[in-house]
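The values are calculated or read from the model by the stated rules, or taken from the named source; none is laboratory data. This is a predicted model, so every value here is computed, not measured. Methodologically, a virtual Cβ is constructed for each residue, glycine included, from the backbone with ideal geometry; neighbour enumeration extends over all protein chains shown. Ligands, DNA and RNA are excluded from the accessible area calculation, which covers all protein heavy atoms including side chains. Shrake-Rupley method; radii C 1.70, N 1.55, O 1.52, S 1.80 Å.
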Amino acid sequence: MKYSTYYIDNKTFDDTKKSIEKAGGWWVRFGTDMLTYAANNRWSDVDARFSADKRNARQNAGSVRKSDMHLVVQKGRTFQQENPDAEVLYDKGRYLVVAMSPAKAKQLAKRKDVCFHIMPLEENQVVFEEYVPKRTEAPTDTPEAGIVAGVQKSVFESYISQLVSYPTRLSTSSHYMEAAGWANGVLAGMGYGTSLETVSLSGGKTSANVVAKRQGNGGIARENIIVVAHLDSVNHPGGASADAPGADDNASGSAGLLTLAAACSGHEFAHDLTFILFGGEEQGLHGSTQYVASLPPAERARTRAVLNMDMIGSVNATPPAVLLEGATLSQSLIDGLATSAAQFTTLTVQTSLNPFASDHVPFIDEGIPAVLTIEGADGANSAIHTGDDTLDKIDADFAISILRMNAGFIAAEAGVIKPPADCGCGGGADTPPVTAEEAQAARELALHYQALFAQYSRLWRDGLLSSADYGNWQSARAAHDALMQQMGVATPHTYPQNAGLY
Ligand SMILES: [Zn+2]
């Protein structure tokens, strides 16, 4: 068997695959790359279907036994780190084609304790597609655009720095519970109804999911939009006692979830919104699996979309790309996200119907439409699951692009309700009317307060809060409460309780 890779563009894909098959070869598509292979006596005919300039010189070409060809899907570079001797035939970051004996691959495939999946390479398959969406004029005066505008980099940065400040977020550690308590307080402070739900792990150990909910208000049969990310981190080479900052995996997605919850907090929606931070993901998707198992049939049936974020902070492709990964039942979610990417970002879009190894999978397995949004594949972040997964590898502007896409999608799916022309935010008769611009400015100010509160909470945790800081915190809190009152938003008075600041 001989193989090589070639560039293809979307327009020529159908003709190219037919042509390869006609010449007696097989193909596997990875975005704009076509891995092509054929028996030795067929190869020259297959290879001749491509002009010399289409050959991808960056990738290998050579000979291999067909039965040895395997497809790997990995988190970061975890497959290569654990199997440094495996021969990599083709490298697209999250996806690899490797040469390995079927017996050895079968053995690896059985292991449950690893962060990759290996399977025989299937002939003539699309692993993922890639395209640059046709840009549409970004709307500015729609309620969806209002939510997207509420996604703020300073807010994201304050949440992610809080999350990496815990020495570890290993699911079973006391630091994990601190982080979960902090996130629970932040979500409660935004006005969501929150709870910490116990997750059972092996050996009688436990972790927790943070669940935050709010009801829709559209006067119609309410469906539910669930936004999820895993809060836990892990350091495989270092073990349980080592630092596990988990900046990309997955403080990026968790901080992203809090940023989206903040952006949604000042708006009304027709449908329900649920935000969940899962524990026990790195030990085998325990938090999400147990959450799905706990859902009664009626809850499953009214779940309109599940949006997962896992690793949204590292730029692994040029130009920057986002990968939307789901299954056939999530196709409309993938389409909705791609539309939002075209409206609100300049991201290249990759799409895959091979769901793998994150919290969208337990939902998909139960027939609930779910999709993963993750940094696009080309290279990969090799610091994943090590002590080097630190904040300096995070590109906040890139994460914000993915969050803008997600915000536009959530706004559309949850049916954001357009505020009345006079806004109606003023509440009582004594309150002067507030214009839409004033309402937007106030929402943005409220988000900055939230970010400030997160910083105070971190200072307190690290024992760095002076009495002057405490005074500043109290006046910031009073200003926030006054603003919320002016906007007619009830202040729930549930700022991070474990921070001891309120
Ligand atoms: Zn992860």
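A few points about this structure:
- Count of residues meeting criterion [more than 15 Å from the chain's Cα centre (by Cα) and either under 19 Å from residue 257 (Cα atoms) or small (Gly, Ala, Ser) (or both)] in the stretch 307-329: 2
- Restricting attention to the stretch 43-78, the residues that are farther than 16 Å from residue 5 by Cα and surrounded by 15 or more Cβ atoms within 10 Å (Cβ to Cβ) add up to 8.
- Among the residues making up the stretch 242-291, those that are in a helix (DSSP H, G or I), open to solvent by 10 Å² or more (accessible area, probe 1.4 Å), away from the ligand (no atom under 14 Å from the Cβ) and touching a strand residue (DSSP E or B) at 6+ places or on another chain (Cβ under 7 Å) are 290, 291.
- When each of 369, 362, 355 is tested for being within 16 Å of the ligand (Cβ to nearest atom), touching a residue at least 40 places away in the same chain (Cβ under 8 Å) and farther than 16 Å from residue 405 by Cβ, the lone residue that passes is 362.
- Qualifying position, being in contact with a Pro (Cβ under 9 Å, 6 or more places away or on another chain) and modelled with pLDDT of 95 or more, among 312, 364: 364
- Leading residue by the ranking (nearest to the ligand (Cβ to nearest atom)) among those in the stretch 79-98 that are surrounded by 20 or more Cβ atoms within 10 Å (Cβ to Cβ) and of a type in the set (A, V, I, L, M): 96
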